[in-house]
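To keep things clear, I will list the structure first and then write my remarks on it.
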Amino acid sequence: MTKITEEQKQIVKSTAPILKEHGKEITAIFYKKMFAAHPELLNYFNMTNQEIGTQPLALANTVYLAAENIEQLKILLPQVKTIAHKHRSLTIKAEHYPIVGEYLLKGIAEYLGDAATPEILDAWGAAYGIIADIFIEVEQEMYDALGDVRNRDFIAFKIAAKQDVAPNVFTLDLTRNDGGELLDFAPGQYISLRVKLGELFHNRQYSLTKAFDGKTYQVAIKRENEKEPTGVVSNHIYNNYQVGDTLLATLPAGDFELDADATSHVFIAGGIGITPIASMVSSFQNHDHVTLIHCVRSEEYAVFSQNFQSKLGESYHQFAGKNITKSDLEQLVTSGAAIYLCGPVPFMQAVEVMLRELGHDQDDIHFEAFQPALSLV
C-alpha cells in the first residue's frame, strides 16, 4: 500500500486550489502525453467527451476533491463506487493506474513549470497512489463478484431483436454467445457496448430497460444526430448492426438503484433519461406506490409510454412539449418518497432546485447522469 507523510498531506492540501483553478488545462496536457505514449489506451476512452472537454474536467474535479479530502477519503466512497462501476464495465484493470499516475504528474509538472518542486511532485505522487489503491481494491471486489473469468472482459452477444421505439430511439435485445451465464442485474444498471471503428474500439454505456428474464438484456439507444458532435457509436450501431449480428458487451454495472427502505417511489425522467427508470418501474409487482413523470419534447418521443400507461394508469404523467413546474411537482411528489432523476443535467438541476424548495430531503433524491462521472481513468 502507498504511504503518505503528514508533511506531504499538507503540501497536497495547500496546492489543491491550483488544480481546482487550472485542472482542466493540466489534465488536457496529461491526456495528450499519455495517449502519445500509450495509444492503446484510446480504446478505453470516450473520444467525444475528450473533444468537448467533459472528460478532462471530470478527472480534474476528482483529483481536486480527493486532494482536498486527503485526510478523510472515506467520505468520497459513494463517488468512488460510482466511478468504479464505470471502470469495471470498461474493463479498466490495476495495471492501468500507474500509467495514469505517471502522466498526471507529468501534466502537473509541465503546467507548473519551475513551481513544480520535487517536494510537490512527490507529495502528489503519494496522494495519487493512495487514491489509486482505493479504486483498485473496490474494483477488484467487483471483478471477483462476477465469478467466471470470462465474465470480466467484453463478451460476444448476438442481437436477437431490434426495434424503433421513437423517432430517435431504438432497442436491442441481446443474448450471450459464448455459453456463459447471463447474470442478473439491479434495475437501473447499464451495460457497456463496444464497436470497432477504424483502428480503435469505442465504448458506450446503455441502460438496461426491462426486468431480467434470464435470457436477454435489452438496451435502448438514442441516435445522436441532431447536433454536433453526432453520436459516433449510436449511429454506427443503428446503421450497421442487424438481428443476428454480434456485438461486444460487458456484464451489468452501475449504482443507480432502488431505495430498498422506501415505501413510495417517484421517478422523474427527461427524454432518454427514461431508460434506466424503465427497468426500475418494471421490477415492481405492485404499482400502488409508484409514480412516473416523463418530460419529452412531444408525445411521439415518449418511449415506452403505452407500457407505462398500462402498468401505472393515472400514476403515469406525461409532460409533452411543456416544462414541469414547481406546482406540478408539489401535486405529484409525495413527502418522504424516494425520488429518482435521470435526464439532461440542466433538467435534473432545475427539478432538484424545485424539489428542495418544496422541502424534499437531499438524501431522498437519487441521480443518474449520462455524462462522465468524476473519474480517475
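Points to keep in mind about this one:
- One residue stands out in the stretch 190-211 among those that are without any contact (Cβ under 8 Å) to a residue 60 or more places away in the chain and surrounded by 16 or more Cβ atoms within 10 Å (Cβ to Cβ): the one that is farthest from the chain's Cα centre (by Cα), namely Val195.
- Test: residue in the stretch 322-336 that is part of a loop (DSSP other than H, G, I, E, B) and in contact with a Lys or Arg (Cβ under 7 Å, 6 or more places away or on another chain): no
- The residue that is farthest from the chain's Cα centre (by Cα), among those in the stretch 165-185 that are open to solvent by less than 30 Å² (accessible area, probe 1.4 Å) and over 19 Å from Thr91 (Cα atoms), is Ala166.
- Unique residue being of a type in the set (Val, Ile, Thr), out of contact with any Cys (no Cβ under 7 Å at 6 or more places or on another chain) and farther than 23 Å from Thr171 by Cβ when the list is Thr325, Thr275, Thr250: Thr325
- Flag if Lys106 is more than 23 Å from the chain's Cα centre (by Cα), under 30 Å from Ile237 (Cβ atoms) and in contact (Cβ under 8 Å) with a residue 60 or more places away in the chain: no
- Every residue from the stretch 84-134 that is of a type in the set (Lys, Arg) and either part of a helix (DSSP H, G or I) or in contact with a Lys or Arg (Cβ under 7 Å, 6 or more places away or on another chain) (or both): Lys86, Arg88, Lys106
- Candidates Ala337, Ala350, Ala369, Ala320, filtered to the one that is open to solvent by less than 30 Å² (accessible area, probe 1.4 Å) and small (Gly, Ala, Ser): Ala337
- Of all residues making up the stretch 71-96, the number that are at pLDDT 90 or above and over 25 Å from Glu40 (Cα atoms): 1
The values are calculated or read from the model by the stated rules, or taken from the named source; none is laboratory data. What you see is a predicted model, and the numbers here were worked out from it, not measured in a lab. Heads up, the Cβs are rebuilt from the backbone with ideal geometry, glycines too, and the neighbour counts pull from every protein chain shown. Heads up: the accessible areas ignore ligands, DNA and RNA and are worked out on the full protein's heavy atoms, side chains in. Shrake-Rupley method; radii C 1.70, N 1.55, O 1.52, S 1.80 Å.
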